[in-house]
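Just so it is clear, none of the values below were taken in a lab; they were calculated from the coordinates. Computed from a predicted structure; not experimentally measured. No Cβ is skipped: glycine too gets one built from the backbone with ideal geometry, and neighbour counts run over all protein chains shown.
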C-alpha cells in the first residue's frame, strides 16, 4: 500500500491551538509523524528582560490562559526568594486555593475537550457546565474568570470574608457530587473505555527517558508530584493523596485527572477551613538584589520550572520558563506510531496539550 | 425576494471558524465556553465549523506571529464571500501585552481586514455575544 | 536524593580547581564545571545515582561567554553549570544519556547559536519558517 503524508493543523477542528503535524500514513495506520510548533511563540523570555518585575507579572500571567495563576505563583515565589520576603500565611493559603481551583477548572476543561474529540459531546457540555462553578468562585475572588491577577510580589491582592468562605464550601460540595457522574462515565461507560483503553500507551521507562511530568507520568506508574515531594507554599501542612495508575494509556490519564480533581476539592476544603487570620501580602521593593533562583510548582500539567536571574536592577536579567507540555510533546512521536488515524484525536487530547505554554 | 431570504438566512445562522494565531489560549477557552450550556450561542444560530469553506465569520484570537501570518491569510482566502472577521481579545486587536515581541507582528488587522474589534484580556463571553449580535445587525 | 553524596562523588572525579559548589534558593545546589566535564558528570549522575530527571536546560548570554545550566531534580534540585567561550559555542549532546534533553537542546541551539555535537535532529523548534538565523537571546539580538 502506498504511503501518504497528511498534514494536520495549524487550523484543525481537533486542535484548540495551532500545532503542525505531518503524518506519514499507510492505509489507516500511522507510520511516523513530524511535529512543528512555534505558531504561538511570542518571545516572552526576551520580552521580560525589557520590562520591570511588576510588569512581568502581567506578562507571566498570559503565557497560558488555562494555567495563568500557577505561572505567576512560580514567578512570585522566585522573586520573593530573591527579595527575602516571607508571604503571610493567609496570603499563601489564598494563593494555593486559587492554584487548586485552577487545577479543577483545567482538568474539567480537558475532560470536555477529550470527550468532544472522541465524539461524546454530552460529556463536553456537562463538564464545561460544571466547570463554571469553579470559574464563578475564581471570579468572585479575583474579578477575572480566566486571568485572575491575584498574585502580587509579596502575596495576593484578594481576600475573603466568612460568608464567602461558607458559600464557596457549599459550592465545592456541589461540584464534588457532580464529579461522581464523570467518574462513572470513565469507569463504566463502554464506548468511552473502548476509545481510550490501550491508546497512546507510554511505559514507565519511556516516561523516565523523556523526563515527562504531571498526570501523564503518574498514569504510567511514575509516582512523582511536587506538592508532596518538594512542598512549596502551604503544601507541607496539607494532607494530599497522589493519584497514580499503571495502565499508561489515555484511559488511565483520564482517571488520574478526574481523581485529582476530587483531591483538589478536598485540598480546597482544607485550605478554607484552616484559613489563618492576618494580612495577605507584604510590601515588595522594586529593585531586586543580584542573585539567581530556581522555582518550581505543580501546574495542572506537571512540573513548572522557572529560573530567574537578577542583576540588581528593576528588570530581570534572565527568566527561563520550562512548561510541562514541552516534555509531553517529545512523546507524541512514540505515541502516534502504529495507531489508527481515527485514534489521533484521542492521543492528541490525551496528553493535555497547552501549546501556548510550550511555545511561550 | 431571493436576496431577502438569503440575507435573512445569513443573519440567522452565522457559522463561525475559530483560529488562534498566537494567543495565550485565554480567549480561546472563552470562545469554546460560548458553545456550552451557560452561554449557548447555538440559540443565535451560531455553529462552530471545522473547515474555512463552511464558515461565514472568522473569529481570530491572539496576536499574529510570523509563523501564523501566512496561514491566517490562506484561511481567510479560503472562506467564501461574504465573510467577516472578528478580532477577539486585546491581542488580536493590537498585539496586546505581547507588543514588541520578537516573533509578534501585532493585531490581526495587519494581515486581514477586520470588521469588529472586541477588546478584553480575555474577552468575556458576554462581550463576545454582544459583539456578534452587533455584527449581525450590521450585516442586515 | 542525597545531594551531598552526589557532590562528594563529583569532587572525587573532577579536579578541585575545576569544580565549584554553591547553594542557591529554593533548595538547590549549583555545581560549576568546565564544558568538557559536563557529559562525564551527567553519565555519573545517571549511571551511579539513577538521577535521570532533567527539568530544563537554560542558556544565557553573559557577555563574555554563553552559560549553560542543566537543571536536575530528584526531591531536591541539582544544577550543573558551564560557560562556553564566545568563539567556541559547542558542547556534546546529552541525548544519548537522557533522550528528554532533545527539545531543550534544540531551543538553546536556536536561541543562542550553540551547537550540540551528536544531537540527532537540530531543526528549529520555535523560530518561524522565515527566520533569518539571528539568535534572539544573544545580547543585542531580537528586534
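Side notes on the structure shown:
- Under a Gaussian network description of chain C, with springs only between Cα atoms under 10 Å, the residue in C:69, C:97, C:112 that fluctuates furthest is C:97.
- Dimensions (Å) - the range B:54-104, Cα atoms, principal axes, largest first: 33, 20, 11
- In the elastic network of chain C, a GNM with C-alpha springs shorter than 10 Å, the most mobile of C:25, C:35, C:85 is C:25.
- Exposure proxy ranking for C:137, B:1, A:4, based on other Cβ atoms within 10 angstrom of each Cβ and starting from the fewest, stands as B:1, A:4, C:137.
- When you count the other C-beta atoms within 10 angstrom of each residue and take the mean per peptide, A:148-155, B:57-64, A:239-246 line up highest first as B:57-64, A:148-155, A:239-246.
- For the range B:14-139, averaging the sequence separation of C-alpha pairs within contact (under 8 Å, six or more residues apart) and dividing by the residue count gives a relative contact order of 28 percent.
- Average partner coverage of C:123-136, which counts Cβ from other chains inside 10 Å: 5
- Mean projected area in nm² (Cα convex hull; one quarter of hull surface) for the range A:244-303: 7.1 nm²
- For the protein assembly as shown, the spread of Cα positions along the three principal axes, ordered from largest to smallest, is 91, 63, 51 Å.
- Shielding by partners - mean other protein chain Cβ count within 10 Å, residues of A:12-19: 5
- Two-decimal log10 I(q)/I(0) for chain C, as the Debye equation yields it once each C-alpha is a single scatterer, q = 0.12, 0.17, 0.20 Å⁻¹: -0.49, -0.95, -1.25
- Here the range A:326-353 is scanned for amide nitrogen atoms under 15 Å from the site 7 Å beyond the Cα of residue C:122 along Cα-to-Cβ, giving none.
- Rh (Kirkwood; distinct C-alpha pairs) - the range A:119-217, Å: 17.0 Å
- Considering only alpha-carbon pairs that sit under 8 angstrom and 6 or more positions apart, the relative contact order computed for the range A:51-167 is 32 percent.
- Calculated [θ] (222 nm, deg cm²/dmol) that DSSP helices of n ≥ 4 give over the protein assembly as shown, each run adding -39,500 (n - 2.57): -13000 deg cm²/dmol
- Likely footprinting exposure, A:16, A:320, fewest C-beta neighbours within 10 Å first: A:320, A:16
- Seen from every direction in turn and averaged, the convex hull around the alpha carbons of the range A:44-320 projects onto 14.1 nm².
- Cα extents for the range C:83-143 along the principal axes, largest to smallest and rounded to whole angstrom: 36, 28, 13.
- Taken over the alpha carbons of the range A:281-360 as equal point scatterers, the Debye sum produces base-10 log I(q)/I(0) values at 0.13, 0.21, 0.26 Å⁻¹ of -0.57, -0.98, -1.17.
- Over the range A:234-339, the hull volume per residue, using the convex hull of the C-alpha atoms, is 138 Å³.
- Acute angle (nearest 10 degrees) that the helix A:89-118 long axis makes with the longest principal axis of chain A, alpha-carbon atoms: 20 degrees
- Per-selection Kirkwood Rh - the range A:166-205 (Cα, Å, 1 d.p.): 12.5 Å
- In terms of other Cβ atoms within 10 Å, C:33, A:202, B:132 run from fewest to most in the order C:33, B:132, A:202.
- Shielding by partners - mean other protein chain Cβ count within 10 Å, residues of B:67-74: 5
- Hull volume per residue, based on the alpha-carbon atoms of the range A:92-176 and their convex hull, is 87 Å³.
- With Rh defined as the Kirkwood radius, the inverse of the mean 1/r over Cα pairs, the Rg/Rh of the range B:14-139 is 0.94.
- Chain C: relative contact order in percent, alpha carbon pairs under 8 Å with at least 6 residues between: 19 percent
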